[in-house]
2 protein chains.
Amino acid sequence: MFRYSIQFIATVILCWVGFAFKPNGFLYSNLGMNNSKEANFGIAIHGGAGVILKQNMPDTLEKQYRMELTAALTAGYAVIEKGGTSLDAVQTAIVLLENSPLFNAGKGAVLTNSGTAELDASIMDGATGKAGAVGGLKTVKNPILAARKVMDNSPHVMMVSAGADAFAKEQGLEIVTPDYFITPARQKSLQKMQEEEKKAPPGTGGFIELSETASYKIGTVGAVALDKYGNLAAGTSTGGMTNKRYGRVGDSPIIGAGTFAANRTCAVSATGHGEFFIRNVVAYDIAALMEYAALSLTEAARRVIFEKLLPQGGTGGVIAIDNQGNITMPFNTQGMYRGMMSVKHPKPQVFIYQNQ
Amino acid sequence: MFRYSIQFIATVILCWVGFAFKPNGFLYSNLGMNNSKEANFGIAIHGGAGVILKQNMPDTLEKQYRMELTAALTAGYAVIEKGGTSLDAVQTAIVLLENSPLFNAGKGAVLTNSGTAELDASIMDGATGKAGAVGGLKTVKNPILAARKVMDNSPHVMMVSAGADAFAKEQGLEIVTPDYFITPARQKSLQKMQEEEKKAPPGTGGFIELSETASYKIGTVGAVALDKYGNLAAGTSTGGMTNKRYGRVGDSPIIGAGTFAANRTCAVSATGHGEFFIRNVVAYDIAALMEYAALSLTEAARRVIFEKLLPQGGTGGVIAIDNQGNITMPFNTQGMYRGMMSVKHPKPQVFIYQNQ
């Protein structure tokens, strides 16, 4: 009888342990949280995902991309290394990418149907859950700073169009004339797309099927960071898509879609075909998979990018960092401009193609 | 030996059954899905949540609210009862609420700082995952129809400001002059708020603390429905908040925040202090809790409204319907204009206060 009981108890314990350590079990989800947070900090950035192939990339241009990504990465990392906040690190990296004419954000943004730039950005603080977003800015040099001002100095989360420009100006941000943003390369892209559009068959309502090979919207920028205090932050900035009309807004200024951060899970910034990212609430979905389904950051991000978006035809990628400093940067396109740097790997690592 | 094995096997089976029927177990989440979908259909609507108290409500006004809610509810229900789609049911109900001067959407919308209406709306199809949203409309009689046109006839999800008005006009929607939306009651509210604002202490950046008792943004409208084909849909429409400036956008046109629908889980429309609803990705969070944490619709909606939003000070509520036709309408304010009607309870039920 005694031996029966031993066997019975042992079996129950085995079952319990088996459940507790399952992905949905209660112990599993707590295991990772007990590590010390103080030691971990890091940052990841992106400069857009899309059809980016080595054979189409001149060496000098590739070198320039790598240089500017490295500069943004190291500047953001320096902020957290010196004890600054993840919010300031994200903002610092994004301002540099906005100022670079290479990326589709700030200077060098793609142009709308009317030949001007209309800029969207958002930022979120994982410590407080506060967020700021702007859409359709036309005169603010650095849209990410406008998003930050909305978060810090207004009771609102989102402001759009002329009202958002007016608020940014009142807040003392640098205002530029619309031609500041325009580069010859983007003017050429717009011209090319408008010529294609003229050939569009009737009945398409003026919307043409956008070629997968066109670089019509590559170059959205973003950053995510974990600081020494265990606080996460995420930010995203973009010019949207070439030849856009009707005040089209993509996922970049949408909290939950293009940007999300919560200290209990992760910080995410997305880039890609924005409509799919809005419908799938991509950035928050990664956090929800971690919190509710106990997936790791890497598992959650891969599930969204490869198992949800890809079968729908939703091209793009994300950068994400969790509250332990783990970083993942999955994308389902040929390339994504990206980089990461952390206390564990304090040398900047910059990538463009699948494995390099 | 044989008896040991029997006991061992019985124990393992008991453990397995115990796990399988736990809230996170694999059987539990499937149990509800095996019911026949054909028999269930229904609709729920809301006309805003906030400080709505019986002692402040004249009887004639209350009667009018109940009549107009009932009219919208029965019109939406008639669509699905006759074999129409949940999308058309949602749209039909919302158009009636937009046309009523009682609610803060379409005619009777609250007024911006400059004395005009700026209207936001969104709609989502749970069957396809497609969605449409508009922000800052000034001339379109029924913003929900503009959101539907964005979904059906453009490759985009979101359009804002003048561009969105232009698109709606090109799509043949009814255009009105800005004074169509203005009612004396809303002009009075704006005047009152602008007088309060003049008394705001310096250093508040022109933003005044909005009184909990002010009806400055009550009245956002929305609808969710399940049709005979098992397809879910959700829609939301609003004028935002009285005296809004800077192109402020709330949660109503944000897919994932104010509106979400997916056939695998539920359809949700939200109303309340929009900034909190954006930061908490409220509508999608309810769906994620069902899908990933195996909560029921009612459990998921209550967790978000009472355990997440309320402790943050995020006032408001949601209406939601799941793919079995279950309806829940939780809110953490004194009242919410709301109603529901389903094949199981085909008599329209309309409520305003906590229990009536």
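Using amide H atoms built in the peptide plane, which far-off residues or other-chain residues are under 5 Å from A:Arg248 H to H?
Amide H neighbours of A:Arg248: B:Val160.
Quick one: order B:Arg302, A:Arg248 by neighbouring beta-carbon count within 10 Å, fewest to most.
B:Arg302, A:Arg248
Given a Förster distance of 22 Å, report the FRET efficiency between B:Ile175 and B:Thr128 from their Cβ-Cβ distance, rounded to the nearest 0.05.
About 0.20, to the nearest 0.05.
How many nm is it between the label spots at B:Ala166 and A:Ala71, if each spot is 7 Å from the Cα in line with the beta carbon?
My value for the distance between the label points is 3.5 nm.
Check which residues have an amide H placed less than 5 Å from B:Tyr337's amide H, if you skip close sequence neighbours.
Long-range HN contacts for B:Tyr337: B:Gly47, B:Gly48.
Under the Karplus relation 6.51 cos²θ - 1.76 cosθ + 1.60, θ = phi - 60°, what is the ordered set of whole-Hz ³J(HN,Hα) values for region B:294-311, x standing for Gly and Pro?
So the Karplus estimates, Gly and Pro as x, are 6, 6, 6, 4, 5, 4, 5, 5, 5, 4, 5, 6, 9, 9, 9, 5, 4, x Hz.
Determine ³J(HN,Hα), in whole Hz, for all residues of region B:259-274 in sequence, where each value follows from phi through the Karplus function 6.51 cos²θ - 1.76 cosθ + 1.60 and θ = phi - 60°; x replaces Gly and Pro.
With the stated coefficients, region B:259-274 comes to 9, 7, 8, 8, 4, 6, 10, 7, 10, 9, 10, 10, 8, x, 6, x Hz.
Please turn the phi angles of region B:167-181 into ³J(HN,Hα) values with the Karplus equation 6.51 cos²θ - 1.76 cosθ + 1.60 (θ = phi - 60°), one per residue in order, whole Hz, x for glycine and proline.
4, 4, 5, 4, 7, x, 6, 5, 9, 10, 7, x, 6, 3, 6
Rounded to the nearest Å, what's the spacing between the alpha carbon centres of region B:40-115 and region A:35-92? Just the number, please.
For region B:40-115 versus region A:35-92, the Cα centre distance is 49 Å.
Using alpha carbon centroids, what distance separates region A:322-350 and region B:160-183, in Å?
45
Name the shape class, rounded, prolate or oblate, that the alpha-carbon gyration tensor gives for region A:270-318, where a ≥ b ≥ c are the square roots of its eigenvalues, rounded holds for a/c under 1.5, and otherwise prolate holds if a/b is larger than b/c and oblate otherwise.
Taking the square roots of the gyration eigenvalues as a ≥ b ≥ c, region A:270-318 is prolate.
Given label points at 7 Å from Cα along Cα→Cβ, what nm distances, shortest first, separate A:Glu195 from the same residue in every other copy?
With the label placed 7 Å along Cα→Cβ, A:Glu195 yields 6.3 nm.
If the viscosity is 1.002 mPa s and the temperature 20 °C, what translational diffusion coefficient in µm²/s does Stokes-Einstein give for region B:37-351 when Rh comes from Kirkwood over Cα pairs?
113
Determine the shielding of peptide A:159-168 by partner chains: average, over its residues, the number of Cβ atoms on other chains within 10 angstrom of each Cβ.
Mean shielding count: 6.
Counting only other chains, and only Cβ atoms inside 10 Å, what mean value do you get across the residues of A:108-116?
0
Over the whole of A:284-290, what's the average partner chain Cβ count within 10 Å per residue? Rounded to a whole number, please.
4
Under the convention of a label 7 Å out along Cα→Cβ, give the distances in nm from B:Pro101 to the same position in every other copy, shortest first.
Computed spacing set for this position: 5.7 nm.
By how many nm would the segment from B:Asn99 to B:Tyr353 grow when fully extended, if each residue of separation counts as 0.36 nm and the alpha-carbon distance is taken off?
89.1 nm
Using a 10 Å cut-off on Cβ atoms, rank the peptides A:291-300, B:142-151 from the highest mean neighbour count down.
Sorting A:291-300, B:142-151 by mean packing, highest first, produces B:142-151, A:291-300.
Of A:Val134, A:Val282, A:Val95, how do they rank once you tally other Cβ atoms within 10 Å and put the fewest first?
Going from least to most buried by this count: A:Val95, A:Val282, A:Val134.
Coordinate-derived values only; no laboratory data. Just so it is clear, the structure is predicted and the values come from calculations on it, not from any experiment. Note: ideal-geometry Cβ built from the backbone for every residue, glycine included; neighbour counts use all protein chains shown.
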